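In what follows, a single structure is set out as structure tokens and then discussed.
The values are calculated or read from the model by the stated rules, or taken from the named source; none is laboratory data. Bear in mind that the values here come from a model prediction, so they are computed numbers and not experimental data. All Cβ positions, even for glycine, are placed from backbone atoms using ideal geometry, and neighbour counts span all protein chains on display. Calculation scope for accessible area: heavy atoms of the full protein, side chains included, ligands and nucleic acids excluded. Shrake-Rupley method; radii C 1.70, N 1.55, O 1.52, S 1.80 Å.
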Amino acid sequence: MKKYYLYNGQENSGPFDKEELRVQKINKETLVWSEDWNEWKKAGEIDELKITLLSFPSPPNYNFNSSQIVSEKFNFIKYLVITISLLVFLTIAGKVISEYNTNPDNPNLESDTFKMHSRNNITNLIQVTTNQYTVSTFEGISNLDVIVTNNTNYTLDQVTVAIDYIKKNGGIYRTENLTFNNIPAKQNISLSAPNSKRGLAVKLTMQTITALELSLCYEYKNTPAVGNPDPYNCNQYEKNNPAHFNTNNGINRSLYLQERR
């Protein structure tokens, strides 16, 4: 049975047969690849998948006032968003006021709060993607570029990305690591990854992210302690993971602590 792979803009998934593609709810713009093709194609351009795209019928019309229901749903979502935003604002404002009352002469108060927010959301602020790399007919990946985009307001000193080359059966053929250094704020850096004689797709995982300016020490394999409000702060990280700062693995101690002495 023919198998297909999907690409969502960041990573590949699959393989899927036609029945499994129905569950994925692909549309005509979804990028699809199969082993007998030389390049990725849009699902809407593939004759054999058009019946899959048409397999999701429109719901029948019911006798109710749809515009009223849509309006009520919109109003509910609007008030819910406003309520959540207000609660978040009050929480942050309360924290700022409390810290200001404790230490009103601290000029970096707002910056410290913002940095903690950036640290806690670092995996959402840093994006790792690939270009449209080449997949050979009988497996094999070449011309692969990995792009790390820094959406924070701070320079990232180092980002390590693991690349898993995925075989036809879904297993991992090999894993390579790329290290990105000195990624400026609001910019990206691209590096070429090694070619692989086997593999139909790749999976990317950020292993470590470090930034002296942000006091950030993130490591994928480290699970944050429950209840820790700032688990990726370098001071907290060293306290909870001293072994990572005393070996050549994990976070590089020299980048962060040498300047603090």
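Data for the structure
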{"quantity": "Segment 28-47 - residue that is surrounded by 11 or more Cβ atoms within 10 Å (Cβ to Cβ) and polar (S, T, N, Q) and, of those, nearest to Ile147 (Cα to Cα)", "calculated": "Thr30"}
{"quantity": "Residue list for segment 144-199, restricted to those being in contact with a Gly (Cβ under 7 Å, 6 or more places away or on another chain), part of a strand (DSSP E or B) and under 18 Å from Leu6 (Cα atoms)", "calculated": "Tyr165, Ile166"}
{"quantity": "Residue selected from segment 52-76 under the condition at pLDDT 70 or above and over 27 Å from Val23 (Cβ atoms), by the criterion least open to solvent (accessible area, probe 1.4 Å)", "calculated": "Asn75"}
{"quantity": "Any hit, segment 171-192, residues being crowded, with 16+ Cβ neighbours inside 10 Å and touching an Asp or Glu at 6+ places or on another chain (Cβ under 7 Å)", "calculated": "no"}
{"quantity": "Looking only at segment 141-165, and only at residues there that are open to solvent by less than 10 Å² (accessible area, probe 1.4 Å) and over 17 Å from the mean Cα position of the chain (by Cα), the one that is farthest from Met206 (Cα to Cα)", "calculated": "Ile141"}
{"quantity": "Qualifying positions in segment 201-228 - small (Gly, Ala, Ser) and open to solvent by 50 Å² or more (accessible area, probe 1.4 Å)", "calculated": "Ala225, Gly227"}
{"quantity": "Residue list for segment 1-27, filter: among the polar types (S, T, N, Q) and open to solvent by 30 Å² or more (accessible area, probe 1.4 Å)", "calculated": "Asn8, Gln10, Ser13, Gln24, Asn27"}
{"quantity": "Segment 105-132 - residue that is open to solvent by 60 Å² or more (accessible area, probe 1.4 Å) and over 21 Å from Asn151 (Cα atoms) and, of those, modelled with the highest pLDDT", "calculated": "Gln132"}
